[in-house]
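In what follows, a structure is listed as structure tokens, so that the remarks can point back to it.
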Amino acid sequence: MDALLAFVAALVSLRLSGDLLRRFRDRRAPELAAWAAALAAYAVAAGALAWGAAAGWSDAAFRVYYLGGGLLTAALLGAGSLLLVGRRWVAPVALVYTGLAVGIALAVPLQVPILGTAIPEAQDVLDLWPARIAAIVGNTLGTLAVVVVAVATFRVRPLGNTLILAGVGVAAVGSGLAGLGVGALAPVIAAAAILLYAGFVAPTRASARRR
């Protein structure tokens, strides 16, 4: 059942990511591409949860999980928020960070072998530098960007920003539930992805008035 829940969460996140990518192709709004990448990273993390729950955790499954959930999701969400308010300089920074995150996830040595069905804790597996520092920086700056932009543009996007902040809050709660297992974490991932997506596509106050 845990593997099934995680697989459903991965499918939900991936489906919503695909819709954001379609919207990006139609509108060419760069924030949509960043948000689509963030939800795709969330889907990767959920897929790794399903992998670990179904086949037992391994080094490879943990690396995929840490890349998607630990290194990329929050950072890409923050990049999308900054792009929404016209900070185009963040696009190349996000690309460089993504490449760095992939390199860290693939190459950083693990301190102990990954075994069993419990979700591995990063502090038990990884040294502080560089993997955990990169995750701390990416998550902190990404979350800060989301919150600051949401507050600054709240009058223009009240519904969307409320949903985005709710999604970020649910995702934060989910990270604290990892110790309870995949069955507790997977539904939270799906709920956070749905809230974030709804916030991304919610109309602004001006467009709602025009309608």
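The values are calculated or read from the model by the stated rules, or taken from the named source; none is laboratory data. This one's a predicted model, so the numbers in the text were calculated from it and none came from an experiment. Cβ placement follows ideal geometry from the backbone for every residue including glycine, while neighbour counts extend to all protein chains displayed. These accessible areas exclude ligands, DNA and RNA; they are computed on the full protein's heavy atoms, side chains included. Shrake-Rupley method; radii C 1.70, N 1.55, O 1.52, S 1.80 Å.
Estimated purely from DSSP H runs of n ≥ 4, each contributing -39500 (n - 2.57), the mean residue ellipticity at 222 nm for the chain is -25000 deg cm²/dmol once divided by its residues.
Once fully extended, how much extra length lies between residue 88 and residue 152, figured as 0.36 nm per residue of separation less the alpha-carbon to alpha-carbon distance? Please report the intermediate quantities before stating the final value.
On the way: separation 64, 0.36 × 64 = 23.04 nm, distance 1.74 nm.
So the extension gain works out to 21.3 nm.
Rounded to the nearest 10 square angstrom, residue 140 shows an accessible area of 80 square angstrom against a 1.4 Å probe. Normalised by 2.2 N^0.38 Å, where N is the number of residues, the alpha-carbon radius of gyration of segment 5-104 equals 1.11.
Could you work out the relative contact order of the chain? I mean the mean sequence separation of Cα pairs under 8 Å and 6+ apart, divided by the number of residues, in percent. So the answer I get is 25 percent. Surface listing: 97, 66 arranged by accessible area from highest to lowest gives 97, 66, probe 1.4 Å. On the beta carbon distance between residue 11 and residue 127, with R0 = 25 Å, the FRET formula returns roughly 0.15. Relative contact order of segment 1-105, taken over Cα pairs closer than 8 Å and 6 or more residues apart, is 28 percent. Computed packing ranks the peptides 157-165, 84-92 as 157-165, 84-92, most packed first, by mean other Cβ atoms within 10 Å. Pairwise Cα distances in segment 41-163 exceed 18 Å for 55 percent of all pairs. The HN-Hα couplings worked out from phi for segment 86-98 by the Karplus form 6.51 cos²θ - 1.76 cosθ + 1.60 (θ = phi - 60°) are x, 8, 5, 4, 6, 4, x, 4, 5, 5, 5, 4, 4 Hz, whole numbers, x standing for Gly and Pro. Length, then width, then depth: along the principal axes, the Cα atoms of segment 4-63 run 42, 20, 10 Å.
So what's Rg/Rh here for the chain, counting alpha carbon atoms and using the Kirkwood radius for Rh? For the chain, the value is 0.98. Label-to-label distance, residue 29 versus residue 96, with points set 7 angstrom from Cα along the beta-carbon direction: 2.8 nm. Take every pair of alpha-carbon atoms less than 8 Å apart whose residues are at least six positions apart; their mean separation over the length of segment 73-152 yields a relative contact order of 51 percent.
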